[in-house]
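**Student:** A single structure is presented below for examination.
The values are calculated or read from the model by the stated rules, or taken from the named source; none is laboratory data. For clarity, every value in this text was computed on a predicted model and none was experimentally measured. Counting neighbours? That spans all protein chains shown, and the Cβs are built from the backbone with ideal geometry, glycine included.
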Amino acid sequence: MKMVSVLMAVLFVCVTGLSGAYAKSDSKEMTAQKTVEKVIVENLDINSADKDLLVQLPGIGPKTADAILEYRKANGEFKSVDDLTNVKGIGAKKLLKLKPFLKEIS
């Protein structure tokens with residue numbers, strides 16, 4: 001009976017230890033995935049970015065991405081990153097959050 005208790009305890013430790021290892025592994029994968037996503041949006045050119053790239057920017061959802069694309073289609077390329085404030089849904093505060101991820105237009 002004592003041997004069964006010991007075996008149960010060992011089994012419990014092994015199972016909980018393994019589940020912790022899986023959790024750590026998943027956490028590392030998620031962190032790596034976030035890092036990859038961040039790299040994708042750094043130095044983003046707003047004059048050539050498509051909707052899939054635009055929605056990766058902080059604070060830019062599908063509607064705002066569509067608004068950026070429509071503005072670009074109607075008015076041509078942005079002359080400056082600051083011109084994004086001409087797009088409905090992008091104000092000065094949102095622009096400040098976006099600037100670190102955008103490539104300067106020369």
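**Student:** Need the failing condition index for LEU96 against (1) closer than 23 Å to SER106 by Cα; (2) aliphatic (A, V, I, L, M); (3) surrounded by 11 or more Cβ atoms within 10 Å (Cβ to Cβ), just the number.
**Tutor:** (3)
**Student:** Among the residues in the range 53-69, are any under 20 Å from the mean Cα position of the chain (by Cα), basic (Lys, Arg) and surrounded by 14 or more Cβ atoms within 10 Å (Cβ to Cβ)? Before the answer, list the steps.
**Tutor:** If we filter the range 53-69 for residues that are under 20 Å from the mean Cα position of the chain (by Cα), which is where we start, we get 53-69.
Adding the requirement that they be basic (Lys, Arg) leaves 63.
Cutting the leftovers down to surrounded by 14 or more Cβ atoms within 10 Å (Cβ to Cβ) gives us none.
Checking the range 53-69: not a single residue is under 20 Å from the mean Cα position of the chain (by Cα), basic (Lys, Arg) and surrounded by 14 or more Cβ atoms within 10 Å (Cβ to Cβ).
**Student:** Can you confirm whether LYS97 is charged (D, E, K, R) and farther than 22 Å from ASP52 by Cβ?
**Tutor:** No; evaluated as a whole, the condition is false for this residue.
**Student:** Among the residues of the range 87-99, how many are assigned to a helix (DSSP H, G or I) and free of Cβ contacts under 8 Å to residues at least 40 places away in the same chain? Give the derivation first.
**Tutor:** Keep residues of the range 87-99 that are assigned to a helix (DSSP H, G or I), which gives 92-99.
Checking which are free of Cβ contacts under 8 Å to residues at least 40 places away in the same chain leaves us with 92-97, 99.
Selection size over the range 87-99: 7.
**Student:** Let me ask another. Output the qualifying pairs, or none if there are none: Cβ atoms under 6 angstrom, residues six or more apart or on different chains, first residue in the range 64-86 and in contact (Cβ under 8 Å) with a residue 24 or more places away in the chain, second residue in a helix (DSSP H, G or I).
**Tutor:** Between residues of the range 64-86 that are in contact (Cβ under 8 Å) with a residue 24 or more places away in the chain and residues that are in a helix (DSSP H, G or I), the close pairs are LEU84/LEU95.
**Student:** Going by the conditions given, is ALA49 modelled with pLDDT of 95 or more and part of a helix (DSSP H, G or I)? Walk me through it before giving the result.
**Tutor:** Values: modelled with pLDDT of 95 or more: yes; part of a helix (DSSP H, G or I): no.
Criteria not met by ALA49.
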